[in-house]
1. Could you please let me know if SER38 is in contact with a Gly (Cβ under 9 Å, 6 or more places away or on another chain) and of a type in the set (Ser, Thr, Tyr)?
2. Grab the strands (runs of 3 or more DSSP E) fully contained in the stretch 41-114, keeping just those with 3 or more residues being closer than 17 Å to LEU189 by Cα, more than 10 Å from the ligand (Cβ to nearest atom) and over 15 Å from the mean Cα position of the chain (by Cα).
3. Exactly one condition in (1) under 17 Å from ALA106 (Cβ atoms); (2) touching a His at 6+ places or on another chain (Cβ under 8 Å) is not met by TYR24; state its number.
4. Six or more apart or on different chains, Cβ under 6 Å: which pairs go from a residue in the stretch 62-82 that's within 30 Å of SER124 (Cβ to Cβ) and at pLDDT 95 or above to one that's among the hydroxyl-bearing types (Ser, Thr, Tyr) and within 8 Å of the ligand (Cβ to nearest atom)? Could you list them?
5. Take the residues in the stretch 147-174 that are part of a loop (DSSP other than H, G, I, E, B) and surrounded by 18 or more Cβ atoms within 10 Å (Cβ to Cβ); name whichever of them is farthest from the ligand (Cβ to nearest atom).
6. For the subset of the stretch 88-128 comprising residues that are under 17 Å from GLU61 (Cβ atoms) and touching a residue at least 60 places away in the same chain (Cβ under 8 Å), which member is surrounded by the most Cβ atoms within 10 Å (Cβ to Cβ)?
Amino acid sequence: MIDIGTGDGLFVSECARQNPRKFYIGIDANARPLEKISEKIHRKPAKGGLPNVLFLQAAVEDLPSELDSVADEVHVHFPWGSLLGAVANGNEAVLRNLRRICSRDALLEIVIGFDPARDVAELSRLQIPSLSLDYIDSCLAPRYEKSGFAIIERGVLPQSEWTRLQTSWARRLGVRVGRSLTYIIGRALDEKIIRSQA
Ligand SMILES: C[S@@+](CC[C@H](N)C(=O)[O-])C[C@H]1O[C@@H](n2cnc3c(N)ncnc32)[C@H](O)[C@@H]1O
């Protein structure tokens with residue numbers, strides 16, 4: 001499983017603890033939040049060490065080729081900046097990078113939390129028109145499909161369910177009223193289907 005924009009790596013480390021037979025990779029463009037957790041995973045298991053985890057500093061725009069086809073699951077939780085702009089606008093180059101690291105039939109989960117009033121300036125800077133379900137169906141779905149993902153589910157999660165998401169930003173934003181949380185689930189399409197659409 002690969003978590004892009006992993007931040008402090010909480011989601012990756014919680015999943016890795018619960019599923020010791022599965023391998024987890026957390027990636028973030030910023031090395032700073034990765035420092036503490038990258039040191040912790042190398043401790044002895046009794047002291048919080050996790051042999052089934054790796055953290056990498058990389059931008060989604062430039063993922064290393066060693067990751068090609070390795071992931072059954074790719075997650076993007078509470079993206080901001082260029083990562084938010086790419087997934088919310090359906091940037092083809094970035095989505096193709098995400099598709100490249102997926103194995104056959106892999107799942108892509110994107111969770112975006114935003115406050116239409118507070119985030120208005122950032123949404124306009126990133127040229128994100130809206131995140132309505134209609135926008136996802138009519139504009140994003142064709143872009144995702146062209147880049148290698150079929151959107152198989154999308155929706156809005158009530159704030160009461162945010163705590164189910166084990167990420168630091170879900171905890172941080174979950175206490176603020178007015179935010180809504182939109183999720184998109186995609187399935188990696190067969191390479192042949194993508195080529196025939198190109
Ligand atoms: C709001 S934080 C969310 C962190 C974590 N996923 C969580 O839910 O707690 C957004 C993260 O996306 C990362 N990010 C932004 N643009 C990125 C990019 N182009 N490539 C990779 N990571 C990026 C940021 O460095 C930041 O750590």
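The values are calculated or read from the model by the stated rules, or taken from the named source; none is laboratory data. As the structure is a prediction and not an experimental result, all values here were calculated from the model. Counting neighbours? That spans all protein chains shown, and the Cβs are built from the backbone with ideal geometry, glycine included.
1. yes
2. Where strands (runs of 3 or more DSSP E) fall fully within the stretch 41-114 and carry at least 3 residues being closer than 17 Å to LEU189 by Cα, more than 10 Å from the ligand (Cβ to nearest atom) and over 15 Å from the mean Cα position of the chain (by Cα), they are 102-114.
3. For TYR24, the exception is condition (2).
4. Matching pairs, first to second residue: HIS77/THR167.
5. Ranking the qualifying residues of the stretch 147-174, first place goes to GLY148.
6. LEU108
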